[in-house]
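Below is one structure, written out as structure tokens, with a few remarks after it.
Quick note: the coordinates plus some simple rules give every number you see, no bench work behind them. Remember, it's a predicted structure, so these values are computed and weren't measured experimentally. Neighbour counts run over all protein chains shown; Cβ positions are idealised from the backbone, glycine included.
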Amino acid sequence: MKRFSGLVIAACLSLLTSSAFGADTIKIGVAGAHTGDLASYGLPTVNAAKLVAKDVNAKGGIDGKQIELLVQDEECKPEKATNAATKLVSDGAVVVVGHICSGATKAALPIYTEAKVVTMSPSATNPELTQSGQYPTFFRTIASDDAQAKLGVDFALAKLGAKKIAVLHDKGDYGKGYAEYAQKFIKEGGQAEVVLFEGVTPGAVDYSSVVQKIRQSGADTVMFGGYHPEAS
């Protein structure tokens with residue numbers, strides 16, 4: 001993940017425009033979940049950014065300018081992501097690496113789009129973010145939900161021999177989107193049936209009722225769209 005995130009940082013550096021060089025430093029924002037349940041997704045990106053910035057600065061920076069990282073934690077929460085985006089823009093970030101989760105990214109993008117700030121995410125997969133045309137300064141280095149769901153369904157059918165599939169999701173922009181595409185591809189394939197399509201509540205401590213529904217449905221395979229706390 002650190003190596004991958006480092007490539008994201010390097011790619012962002014190549015997108016800097018001449019406007020970045022009017023200040024004393026080149027300010028790069030790093031936004032995502034750095035605390036909370038999903039920090040394991042965001043912290044590798046922060047650490048990679050620090051490694052790349054340290055390396056570039058040690059070599060003299062870019063055209064004599066040192067990289068300055070502006071780190072904002074939003075815990076993958078949309079309401080905090082808008083505040084983080086506003087802060088990064090006001091502080092002069094010319095590029096933002098992030099956000100990490102699709103919901104938070106979607107909330108922040110209108111702010112970056114209006115400010116014409118290039119944004120690149122290593123992990124926000126909601127198809128609309130790039131396919132709608134609403135966010136021309138947004139890029140990502142990961143496959144979108146539709147591509148991921150197609151791969152997941154193909155694996156379930158061809159490798160696992162799934163015939164009855166329960167599709168679960170966490171009701172979020174990422175999880176529900178992935179699940180809806182999975183359901184679509186299962187139905188189109190005609191080799192298996194969706195016997196349960198169910199949303200779960202993030203943060204709940206007991207999912208026994210959902211497990212019981214899966215048992216009653218007769219499912220032989222479960223596909224889940226969401227993050228690891230609920231999945232585990």
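Side notes on the structure shown:
- Cross-link partners of residue 187 among aspartates and glutamates (Cα-Cα below 18 Å; sequence separation of 8 or more within a chain): 145, 146, 154, 198, 220
- In the range 33-109, taking the dipole from charged Cβ atoms about the Cα centre, the farthest positive-side position among 58, 100, 81 is held by 58.
- Given charges at beta-carbon only (K, R positive; D, E negative), |dipole| of the range 145-231 in Debye: 280
- Only Lys, Arg (+1) and Asp, Glu (-1) charged, at Cβ; the chain dipole about Cα centre in debye: 400
- Debye-sum result for the range 145-231 in log10 I(q)/I(0), which assumes one identical scatterer on each alpha carbon, at q = 0.12, 0.16 Å⁻¹: -0.31, -0.56
- Label corresponding to Cα Rg over 2.2 N^0.38 Å when calculated from the structure given, among (1) 1.14; (2) 0.94; (3) 1.28: (1)
- 30 Å Cα-Cα reach of residue 87 towards lysines, excluding residues that sit fewer than 8 places from it in its own chain: 2, 27, 50, 54, 59, 65, 77, 106, 116, 171, 176
- Between the Cα long axis of helix 173-189 and the first principal axis of the chain there is an angle of about 50°, rounded to the nearest 10.
- Using C-alpha pairs below 8 Å separated by at least 6 residues, the relative contact order for the chain is 16 percent.
- Distance between modelled label sites at residue 114 and residue 191, nm, 7 Å Cα→Cβ extension: 4.8
- Label zone at residue 184, where the point sits 7 Å out along the Cα-to-Cβ direction: the range 141-160 residues whose backbone N lies under 18 Å: 143-155
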